[in-house]
Amino acid sequence: GEDAFGKKFFHNLPYLTDGPYYAGIVTPVIHYCMGGIAIDPAGHVLDHSDSPIPGLHAAGEVIGGLHGKNRLGGNALSECVVFGRTIANRLDLSS
């Protein structure tokens, strides 16, 4: 079949409908910063010898080096969400 716009192919089907879903508002602001704090894949901030600093984490546009010498446009929000959730899921907030 076709949709209302004549599209015949739907490469992203089937849609997953069981969530959870997350949304954010994206608005134009100051452009992306390529430099920043060094982190490991778990979001731990690294010291000058590339060792994790216990208890210190970073996410979003304060981190640097994730994209190398250039970046893919539009990645800032997903970068914030991915590393924010990665860090949050690893923190022990019981104390």
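The values are calculated or read from the model by the stated rules, or taken from the named source; none is laboratory data. Remember, it's a predicted structure, so these values are computed and weren't measured experimentally. So basically every Cβ, Gly included, is an ideal-geometry build from the backbone, and we count neighbours across all protein chains shown. These accessible areas exclude ligands, DNA and RNA; they are computed on the full protein's heavy atoms, side chains included. Shrake-Rupley method; radii C 1.70, N 1.55, O 1.52, S 1.80 Å.
Hey, any hits in the stretch 73-87 for a residue that's more than 23 Å from Thr27 (Cβ to Cβ) and modelled with pLDDT of 80 or more?
Our first condition is that a residue be more than 23 Å from Thr27 (Cβ to Cβ); within the stretch 73-87, this holds for 86-87.
Pick out the ones that are also modelled with pLDDT of 80 or more and you get 86-87.
Checked the stretch 73-87: at least one residue is more than 23 Å from Thr27 (Cβ to Cβ) and modelled with pLDDT of 80 or more.
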- Yes or no: Asn70 at pLDDT 85 or above, of a type outside the set (A, V, I, L, M, F, W, C) and open to solvent by 60 Å² or more (accessible area, probe 1.4 Å)? no
